[in-house]
Every structure is written in structure tokens, then in C-alpha cells.
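The values are calculated or read from the model by the stated rules, or taken from the named source; none is laboratory data. Bear in mind the structure is a predicted one, so any value in this text is a computation, not a measurement. For neighbour counting, all protein chains shown are included, and Cβ atoms are generated from backbone atoms with ideal geometry for every residue, glycine included. Surface accessibility is based on the protein's heavy atoms, side chains included, excluding ligands, DNA and RNA. Shrake-Rupley method; radii C 1.70, N 1.55, O 1.52, S 1.80 Å.
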Amino acid sequence: MAQLAVRRLNLPKPVIAMNPRGTVRGLVGVPVWLWVQAWPTKTASASVPGVSVTATAHPMQVVWSSGDGGRVVCAGPGTRWQAGNDPRMASPDCGHVFREASTSQPGHRFSVTATMRWQVRWQGAHRSGTVPSLSTSDSTSVEVAESQAVNTR
């Protein structure tokens, strides 16, 4: 019954958000803020006459693969970018700095993946337990450009 309740959780993929926004979503050396749009708790049950089991899933962390070899582990959803934030400042809890442009990548973009890891517990029929962590993932692509300046002095 616990396995059936876990299968019914229908865990959502993380909805990726990042700043800066737009066609070019990053510049070499400029902090990129990473966050997921939701941090939901999911619950599902399964039952037969006389026995009912409920499974509950909580997000534990989001692991970001930046596509340039970087990996960022965030213990929460990340902090949403707010208008008025200093674009030179790094996210307080979940961000990345690209060190190279994406021009050598397929489509001239890095593939950024967010993997949400879930803690799942179940209880029912006078028993309880945990399920080895489950995960859901989604990806997006990011163009990272290089800005060059020339000093004429």
C-alpha cells in the first residue's frame, strides 16, 4: 500500500527561474540568481477496506547543473530576484557565476538543469517508514555572452 501511495504523489518537476532574464540570460563574471517557482509539499493516499496509507513528500534541496561544469546545491527554493536588487550582487543562497561564454556549446547555449530532491515518508496500518529520496528534474538553455571593454586612455 505504501508503494501505491508513493506512486500517486505525482511529484512535479521544478519550475526553473533565473535572473538576468531575456534572450541573453548571462554575462561572463556576472552573478546569476537561481530559484524554483514552488516548494510544495505533496500528499497522496492508497487504501483497501480496513487499511489506509498516506505518503507525504517534502522538497529537501535543488541541485543545479549549470552546463559549464558547475554544480550548485541549494537547501531551499532560492531567493527570487527583485527589481531594484544590485545586479552585481550574488544571490544570498542560490546562484552561479559563468566563467566562460556559451559560444562553443550546441546552439551557443548552456543546458541548465534543476533537480529537486524529495524526502518521502509514509504512515498507515500502524506502521511508518521512509522511501529512498526521489527526484524530479527540468532543464532550460541559457545563452551566456562575453562583454568586452576597450580602454582608450
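Split the accessible area of the chain by element, probe 1.4 Å, and carbon with sulfur accounts for 48%.
Within the stretch 48-109, the percentage of alpha carbon pairs spaced more than 12 angstrom apart rounds to 78%.
Taking the Cα centre of the chain as reference, the dipole from Cβ charges on Lys and Arg (+1) and Asp and Glu (-1) amounts to some 420 debye. Let me test this: with uniform point scatterers at the alpha carbons of the stretch 14-83, what is the Debye-based log₁₀ I(q)/I(0) at q = 0.12, 0.15, 0.19, 0.28 1/Å? Taking Cα atoms of the stretch 14-83 as identical point scatterers yields -0.47, -0.62, -0.84, -1.35. Residues considered: HIS126, HIS58, HIS96. Largest GNM mean-square fluctuation over the chain, using C-alpha springs under 10 Å, is found at HIS126.
At the residue level, LYS42 shows approximately 70 square angstrom of accessible surface with a 1.4 angstrom probe and all protein chains present.
Under 5 Å between amide hydrogens, built in the peptide plane, is the criterion, and for VAL30 it picks out PHE98 among residues at least 5 positions away or on other chains. For the stretch 39-147, dividing the convex hull volume of the Cα atoms by the residue count gives 137 Å³ per residue. For the chain, the per residue solvent-accessible surface stands at 60 Å², with DNA, RNA and ligands left out and a 1.4 Å probe. Here the Gaussian network model covers the chain, with springs between Cα atoms less than 10 Å apart; of PRO77, PRO132, PRO59, PRO132 fluctuates the most. Within the listed set VAL51, VAL62, VAL73, the Gaussian network model of the chain (springs between alpha-carbon atoms below 10 Å) gives the highest mean-square fluctuation for VAL51.
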